[in-house]
Amino acid sequence: MIDKKIVEALNVQINEEAASAYLYLAMSADFKSRNLDGFASWMKIQTQEEVVHAMKIYDFLNSRDGKVMLQALNAPQDTWSSPLEAFKAVYKHEQYITGCINKLVKLARDQNDNATELFLGWFVTEQVEEEETASTVVKKLELIKDSSTGLFMLDAEMGARVFTPPVDGNE
Ligand SMILES: [Fe+2]
Ligand SMILES: [Fe+2]
């Protein structure tokens, strides 16, 4: 059995992960409209990863007999002034998500829910990677500044990313 407060908080986090997926899909569409296909593809994969995050929580709640209750999603922003602006927004968003995860960890700890705390450990590690990735792209875009050659090179590099589906329900 799982505490009601934790069920509610994990349901909110499913919504945050789904909202992240929606945000990154909007960014993918914006990049696509600017013919930055590599960035668009990278963002589409990022969307798939966020769906995986939401599904992890979905599966965990079900395995603990917690009822999944999906909530409404707001329409995301649809245009960013430049790739740099978009990636600065990604970095900020991921820092916000890290804060959400940290609050969840604290709640699990306060409720002595070891299983949830342990489960959230994966997300703690994942957020380190998410922030590092976003911050690296921001730094590269800052280096590139107004160089279209640099932007095309980075676009090609971003386009090389492949989506690795989870091996099982827990990865
Ligand atoms: Fe996520
Ligand atoms: Fe993320």
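The values are calculated or read from the model by the stated rules, or taken from the named source; none is laboratory data. In this text, all values refer to a predicted model and were calculated from it rather than measured experimentally. Cβ sites come from the backbone with ideal geometry, for glycine too, and all protein chains shown count toward neighbours.
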Looking only at region 45-74, how many residues end up being away from ligand 1 (no atom under 15 Å from the Cβ) and part of a helix (DSSP H, G or I)? 3
Tally time: how many residues in region 45-70 are more than 30 Å from K140 (Cα to Cα), within 16 Å of ligand 2 (Cβ to nearest atom) and either surrounded by fewer than 18 Cβ atoms within 10 Å (Cβ to Cβ) or of a type in the set (V, I, T) (or both)? 2
Away from ligand 1 (no atom under 15 Å from the Cβ), hydrophobic (A, V, I, L, M, F, W, C) and in contact with a Lys or Arg (Cβ under 7 Å, 6 or more places away or on another chain), is that true of A40? yes
Among the numbered conditions (1) within 16 Å of ligand 1 (Cβ to nearest atom); (2) modelled with pLDDT under 95, tell me where V167 comes up short. (1)
Among the residues in region 79-98, are any more than 21 Å from V167 (Cα to Cα), of a type in the set (K, R), in a helix (DSSP H, G or I) and within 16 Å of ligand 2 (Cβ to nearest atom)? yes
Of (1) part of a loop (DSSP other than H, G, I, E, B); (2) closer than 15 Å to S28 by Cα; (3) among the charged types (D, E, K, R), D146 satisfies all except one. Which? (2)
Identify, please: which residue in region 115-140 is more than 14 Å from ligand 2 (Cβ to nearest atom), surrounded by 15 or more Cβ atoms within 10 Å (Cβ to Cβ) and of a type in the set (D, E, K, R) and is, among those, nearest to A86 (Cα to Cα)? K140
Restricting attention to region 1-45, which residues are closer than 30 Å to N112 by Cα and polar (S, T, N, Q)? N11, Q13, N15, S20
Members of region 15-44 that are farther than 19 Å from K92 by Cα and either within 16 Å of ligand 2 (Cβ to nearest atom) or surrounded by fewer than 17 Cβ atoms within 10 Å (Cβ to Cβ) (or both): A29, K32, S33, R34, N35, D37
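Per-residue answers, yes or no, for (1) assigned to a loop (DSSP other than H, G, I, E, B); (2) touching an Asp or Glu at 6+ places or on another chain (Cβ under 9 Å); (3) hydroxyl-bearing (S, T, Y):
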residue	(1), (2), (3)
V124	no, no, no
Q127	no, yes, no
E131	no, yes, no
T136	no, no, yes
K139	no, no, no
E142	no, no, no
F152	no, no, no
E157	no, no, no
V162	yes, no, no
Restricting attention to region 154-163, does a residue exist that is within 16 Å of ligand 2 (Cβ to nearest atom), charged (D, E, K, R) and under 18 Å from the mean Cα position of the chain (by Cα)? yes
For region 1-37, which residues satisfy the criterion of being outside any helix (DSSP H, G or I) and in contact (Cβ under 8 Å) with a residue 12 or more places away in the chain? M1, I2, D3, L36
List pairs: first residue in region 38-64 and of a type in the set (D, E), second residue modelled with pLDDT under 95 anywhere in the structure, Cβ distance under 7 angstrom, at least six positions apart or on different chains. D59/G169
Please state which one of G66, G159, G121 is in contact with a helix residue (DSSP H, G or I) (Cβ under 7 Å, 6 or more places away or on another chain) and more than 23 Å from S33 (Cα to Cα). G66
